[in-house]
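Visitor: Dropping a structure here in structure tokens format, bear with me for questions.
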Amino acid sequence: MNKIVPLKSNDPLVGDWVPADMYSDIVISITKEEEDYKVSVVDSDDGEQAEIYEVKYNGEALSFNVHWASNGRFIKYTLLLTTDKTVRLIYTYSGQETWVKK
């Protein structure tokens, strides 16, 4: 019987990324198919899978947009590789508040 062994990528962006301080339950998973990066983002606390849009790599940074259906939040992420095992994560997100007339 043949055993299937997953091949490891030499691309340092490929893998599962979590915050160094473990403050968040978000896991960003990156794979690569030929020249295209594929991204999935999941909240490991409740299993919610985010919708991912516009994955782009410019040779230095991987960027993508995320939508969380549960709360309506949109987030733009940019990952910059700093070492083979660390990235700098820059993000901008939408928020919402209730305001009242003064």
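The numbers here are math on the coordinates, done by the rules we state, and not lab data. For clarity, every value in this text was computed on a predicted model and none was experimentally measured. Heads up, the Cβs are rebuilt from the backbone with ideal geometry, glycines too, and the neighbour counts pull from every protein chain shown.
Visitor: Assuming 0.36 nm per residue, please report the length gained on full extension of the stretch Thr82 to Val55 beyond their Cα-Cα distance.
Guide: Contour length minus the Cα-Cα distance gives 7.8 nm.
Visitor: Now for a different question. Rank Thr31, Val87, Ile75 by how far each Cα sits towards the positive end of the charge dipole of the chain (+1 on Lys, Arg Cβ; -1 on Asp, Glu Cβ) and give me just the farthest.
Guide: The listed residue farthest towards the positive side: Ile75.
Visitor: Mind putting a number on the dipole of the chain about its Cα centre? Charges go on the C-beta only, +1 for Lys and Arg and -1 for Asp and Glu, and I need it in Debye to the nearest 20.
Guide: Computed about the Cα centre, the dipole is about 280 debye.
Visitor: Is the shape of the chain best called rounded, prolate or oblate, per the rule: a/c under 1.5 gives rounded, else a/b larger than b/c gives prolate, else oblate, with a ≥ b ≥ c the square roots of the Cα gyration tensor eigenvalues?
Guide: In terms of gyration-tensor shape, prolate.
Visitor: Suppose R0 equals 30 Å. What FRET efficiency, 1/(1 + (r/R0)^6) with r the Cβ-Cβ distance, do Thr92 and Lys32 give to the nearest 0.05?
Guide: Efficiency, from the Cβ-Cβ distance: 0.75.
Visitor: Then there's this: Mind sorting Thr83, Thr98, Thr31 by how few other Cβ atoms lie within 10 Å of their own Cβ, fewest first?
Guide: In increasing order of surrounding Cβ atoms, one gets Thr98, Thr83, Thr31.
Visitor: Run the numbers for Val100 and Asn71: contour at 0.36 nm per residue of separation, minus the present Cα-Cα distance, in nm.
Guide: Gain on stretching Val100 to Asn71: 8.3 nm.
Visitor: Taking the beta-carbon count within 10 Å as an exposure proxy, list Ser40, Ser63 from fewest neighbours to most.
Guide: Ser40, Ser63
Visitor: Any chance you could count the Lys pairs in the chain whose alpha carbons are under 17 Å apart, treating pairs 8 or more apart or on different chains as valid?
Guide: 8
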